[in-house]
Structure formats: structure tokens, C-alpha cells
Protein chains: 2
Amino acid sequence: MNRTIGILGGTGPEGTGLARRLAAAGEHIVIGSRDAQRAAEFARLMRDRLGSAAPIEGAENPAALARCDILVLTVPFAGQAALLKQLKPLWKPGQIVIDTTVPLAAAVGGAPSRMLGVWQGSAAEQTRDLVPSTVAVAAAFHNLSAELLAQDGPVDCDILVCSDDEAAKKVAMELAAKIPGARPVNGGKLENARIAESLTALLIGLNVRYKVRTAGIRFTGLPL
Amino acid sequence: MNRTIGILGGTGPEGTGLARRLAAAGEHIVIGSRDAQRAAEFARLMRDRLGSAAPIEGAENPAALARCDILVLTVPFAGQAALLKQLKPLWKPGQIVIDTTVPLAAAVGGAPSRMLGVWQGSAAEQTRDLVPSTVAVAAAFHNLSAELLAQDGPVDCDILVCSDDEAAKKVAMELAAKIPGARPVNGGKLENARIAESLTALLIGLNVRYKVRTAGIRFTGLPL
């Protein structure tokens, strides 16, 4: 599959980590940013780390959207709606967006271990409201911290994937499986993203209480 | 510690399972029920299984409350508030209640993989509203399914314990550690019970999607 994956808002720690991990697995990555130069610089830094032939480029977010089949949304929640409104006219039918955002209260100056209530139920469902109905939405990667992504070895974490669209779910699970150690878990409908998202707040609290930085989650008892 | 543990609403599958596991670990258990005879019958069945000397008795819920230092609340959510209102005048200062209830939509005829919104934020916080302020509330055991409890071997599941009261949290973590295989995890404040409770809905959905009955959860990256 000759697909291209755009990481919207991809110069933050989560976006950078996902870009590097997926590029290391051979995926063709376009890092999107508000600033084309910043995106190009991050892409260059990653090629320095992964090898000059690594398939990573940089682009402004709209250009990344135009060029990619699959978009991964990694902006902080405070910027999610504004970016999606800006991009709304640019989507093409059949594109897939994988939402990773978490509505932490930190977005409005609150605690990173508390959640905001999103009217739609979750950040992912807000995304579904803000893209054309011809674009499929999945939610994934919430519980894989930027710290774990930044490490070199395998991660010790499952990745819940929630979607109402079977094709989008399949793609998100394929990408999750490309991160060494990660295990994609079928999280059901997109509405369940609210649980996956709130798990992130719990993991942030566990990091604080246990003085670590890489708390993760595994499901047990599943035939995986 | 010569403590006695009452399991309020303890003749359901979760209560029965917890009673048996904790009695097997040497705790003195009083199974509470609306019906004293039913409670006595369940206690007898458990003594048959664990040995006639097993420290398990049965009592009506109010009698169990009067006799015990620690109460574990295992009624279905649909009956939680009514039971707590009935018991309200009977609590003594210093008692501890460990809430295990989960506000599944099934309580009002909805799906068991969906949650009800509880005004206070969680079933555990509703419990805090319905007991005297001299009674400490912890939330625990939500994610340990009755199926896992009913098995004989060790469980493969962590137990999140949430409380604003350090003594109550300590007791709940001690009890969690008595179930072979279980690992108590400090879930922080009582308000985080909303996340632990919603995890139950997620695990029920995983059981359905993966055609199993004992999905559980483990946290990774913690120094435990």
C-alpha cells in the first residue's frame, strides 16, 4: 500500500514520536505544522536520526492534508477545533483521520490529570463533528505517552482503537501494530474514545503519584 | 487487626466473589442482604466451599453495618442510592465504606458497555454524598469482574483504589492485595473513581468484542 501519512500538528512531542516510530517502520510521513519551515526542520532532524533516506518530509498543515491519505491529529486539545475549522474545506472523500487528542483540563489552565467535558462526549467525537461526513474518523494512540514514543526500544502499552468505520479502524490498528511492543486493541465505537481519552488523565496522575514518566496500560484476558 | 468486613448487597456475583476471596485470605466476613435468610444461606454455601471454620456469616444489611468496621458496597447501581438512604442513620464515625458500584446504563435498561452520567461525577462520589461525613469512602474493585473472582486461581488484574482519605485508601489497598494475583494501584482522589468505573464499561465491551468473559487491566511502567 503506497499510502502517505500526515501528522497534523506534528511538531509536538506526541506527533514527533509517532512520526519517528511510523517512519522507522517504513511508512511515508509528512509532518504538518502551522509553519512550513518548522515542519521541514523537524523532518530533517528525524532523517538525521533515522538515516537520510527515511521517508519523512515537512509541510504546512493544509499541504500535508492535501497530500496524504491518512491524517493523524496530534495538536493539543486547545488548538484542535481551530485547526479542524481551518482545514474543513480541504478534505477529500475517503481520507481517514486518526484523532489522538485528549481534552485535558490543562487546555484551559486546569490540572493535566483532570478532563474537560466535551459536549460531543470526547475529543474524537468533536473531530467527527468538524470534518466532512465523507471523512472517516478513528481514535487511537491516546495512552501511548510521548515519553514512551521517544524511547528507542519497544513500548509496554496497548493501544485502544475506537471507530464507527471499519476501514478506518483497520488502518489505525495496522499503524498501532507497527510500533514495537504496542498491541492494538479493538476499543469498539468512536463513542468509547471518551474512555480511552480519560485513561490518559489517569496515566498522567499515576506518573505523578509513582514518580515515573512512562505509565502505560495492558489489557489482560484477551485472545491477542 | 481484628476487623470485620461487611459486604453490603453481598449475595450478587461481585459480592459473593469478594466475600469468598477475602474469607479465603483470612478476613472475617459478614455477608449483608435485604433478606437475612438469603444471607445466611450464601454464607453457608461459602463455608461448604472454604471449610466449615471459614469466618463467614450472613446478616441483614443494617445488621451487617452495625457489626462491621469496613463495609464493601456491592449492590447494583440501580439499588445503590436506596440502600444508602436506608442505612444513613446507622453509620458510626470511623467506619469505612469501599464502593465497587459502576453506573452502567444497564441500570436503566441501556447497554452494559455504556455509562450513566452521575451528577456527582461517579457512583463513588454519590456514595460520599449519601453517607455521614464521618464515614470515609474509598472506591475499588470495579475492574475485577465477578467471573475472575469466581475462578480459583490468581487473577490477572490490577485494582485501582481511589479515595480522599488516606486511611480508607490504605485499607482498600490492603484488601486488594489479599486477592492472589491482584495488584493494588493508587488511583488518587475519589473523583478519579469516574475513570475506574468507566473502565468497567470498556472491559465489558472488550469481553463482547473478543468473545471472552474475563478481560482485565494491568498498568505498566509503575515501580510496583
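The ellipsoid that matches the Cα gyration tensor of segment B:100-153 has semi-axes, each √(5λ) in whole angstrom, of 23, 18, 7, with the longest given first. Net charge of the neighbourhood of A:Pro13, taken over other residues with C-beta under 15 Å away and scored Lys/Arg +1, Asp/Glu -1, is +3.
Counting only Cα atoms, the protein assembly as shown measures 73, 36, 36 Å along its principal axes, largest extent leading. Computed with a 1.4 Å probe over protein heavy atoms only, the accessible surface of segment B:1-139 comes to 43 Å² per residue. Label-point spacing at B:Tyr210 relative to the other copies reads 1.9 nm, in ascending order, each point sitting 7 Å out from Cα along Cα→Cβ.
Computed with a 1.4 Å probe over protein heavy atoms only, the accessible area of B:Leu90 comes to about 80 Å².
Per residue of peptide A:104-116, the mean number of Cβ atoms on other chains within 10 Å of the residue Cβ is 1. As a fraction of the 1.4 Å probe accessible area of chain B, surface on carbon and sulfur atoms comes out at 54 percent. Shape class of segment A:1-152 from the Cα gyration tensor (axes a ≥ b ≥ c, square roots of the eigenvalues): oblate, since a/c reaches 1.5 or more and a/b does not exceed b/c.
Chain B and chain A together bury an accessible surface of about 2700 square angstrom, both sides counted, with a 1.4 Å probe and no ligands or nucleic acids included. Note down the accessible area of B:Thr4, probe 1.4 Å, to the nearest 10 Å². Its accessible surface works out to 20 Å², give or take rounding.
The ellipsoid equivalent to the alpha-carbon distribution of segment B:2-83 has semi-axes of 18, 13, 11 angstrom, derived from the gyration tensor eigenvalues as √(5λ) and listed largest first. The label point for B:Lys88 and the one for A:Leu90, both projected 7 Å from the Cα toward the Cβ, are 5.7 nm apart.
For the set A:Leu104, A:Leu202, solvent exposure ranked by accessible area (probe 1.4 Å, protein chains only) runs largest to smallest as A:Leu104, A:Leu202. For segment A:97-224, rounded, prolate or oblate, judged on the Cα gyration tensor with a ≥ b ≥ c (square roots of eigenvalues), a/c < 1.5 rounded, else prolate if a/b > b/c? Oblate is the answer for segment A:97-224, as a/c is 1.5 or above yet b/c matches or exceeds a/b. In this view, the solvent-accessible surface of B:Ile195, computed with a 1.4 Å probe and all protein chains in place, comes to about 10 Å².
Is segment B:164-207 best put as rounded, prolate or oblate by its Cα gyration tensor, with a ≥ b ≥ c the root eigenvalues, rounded for a/c under 1.5, and otherwise prolate when a/b is larger than b/c, oblate when not? Oblate.
The values are calculated or read from the model by the stated rules, or taken from the named source; none is laboratory data. Note that the structure is a prediction, hence the values are computed from the model and not measured. For neighbour counting, all protein chains shown are included, and Cβ atoms are generated from backbone atoms with ideal geometry for every residue, glycine included. Calculation scope for accessible area: heavy atoms of the full protein, side chains included, ligands and nucleic acids excluded. Shrake-Rupley method; radii C 1.70, N 1.55, O 1.52, S 1.80 Å.
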